[in-house]
Amino acid sequence: MNAQQHMKLIRQISIQADLFYTEAEDLGKIAHQNNLDRHQLKGLQRIAESAFKVSDVLDYIKIQTGRHEKWRNRKFGPKLLNYIREELKRRRTEVCRVIGLQEKGIEAQQVYLYLIRAFVRQMVAYYEVAPHLP
């Protein structure tokens, strides 16, 4: 990826993050309503920020959903998995098209990870502030 594509990528990720902000807040609200443990969500955020593979993030969500009732309440875990698998994948395709990257390969995977990271950060931020909102 050249410097111009990289700048376009950063811009496109920011645009997408603004577009999915409401959905991230909605899932953050469910996480708060389910009284999820803070360390589990911060763990998800750490995994998302450091992952080299999308499957690392998906596997963490699956494990938490399988182990903890709170992740299954209001279908939080399944909704999060579905959003990442469907909506963020669709957005990855769109970003790749706009900046001229192939939809398969390492660069597309990096775009997908950037989108996941942005979404998870927004979701966790809402979870953190939710107890202080009216």
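The values are calculated or read from the model by the stated rules, or taken from the named source; none is laboratory data. Worth saying up front: this structure is predicted, and the values here are computed from it rather than measured. A quick note on method: Cβ atoms are made from the backbone with ideal geometry, for glycine too, and the neighbour counts reach across all protein chains shown.
Consider GLN5 against the criteria (1) part of a helix (DSSP H, G or I); (2) more than 23 Å from GLN109 (Cβ to Cβ); (3) not aliphatic (A, V, I, L, M): it satisfies all of them except one. Which criterion is unmet?
(2)
If the requirement is being of a type outside the set (S, T, N, Q) and surrounded by 15 or more Cβ atoms within 10 Å (Cβ to Cβ), which of these qualifies: LEU9, LEU19? Spell out the reasoning first.
Values: LEU19 fails: surrounded by 15 or more Cβ atoms within 10 Å (Cβ to Cβ).
Residue meeting the stated conditions: LEU9.
I'd like the residue in region 103-127 that is in contact with a helix residue (DSSP H, G or I) (Cβ under 9 Å, 6 or more places away or on another chain) and of a type in the set (Gly, Ala, Ser) and, out of all such residues, is surrounded by the most Cβ atoms within 10 Å (Cβ to Cβ).
ALA118
Can you list the helices (runs of 4 or more DSSP H) found entirely within region 35-102 that contain at least 1 residues being surrounded by 14 or more Cβ atoms within 10 Å (Cβ to Cβ) and touching a residue at least 40 places away in the same chain (Cβ under 8 Å)? Reasoning before the result, please.
Working: elements: 38-50, 54-67, 69-72, 76-82, 89-99.
Passing ranges, in order: 38-50, 54-67, 76-82, 89-99.
Just to check your reading of the model, which residue among LYS53, LYS42 is out of contact with any helix residue (DSSP H, G or I) (no Cβ under 6 Å at 6 or more places or on another chain) and more than 13 Å from VAL120 (Cα to Cα)? Don't jump to the end; show me each part of the working.
Numbers: LYS42 fails: more than 13 Å from VAL120 (Cα to Cα).
Residue meeting the stated conditions: LYS53.
As an exercise: evaluate ARG90 against (1) modelled with pLDDT of 95 or more; (2) over 16 Å from ILE13 (Cβ atoms); (3) out of contact with any Leu (no Cβ under 8 Å at 6 or more places or on another chain) and give the number of the one condition it does not meet.
Here ARG90 meets the rest and fails (2).
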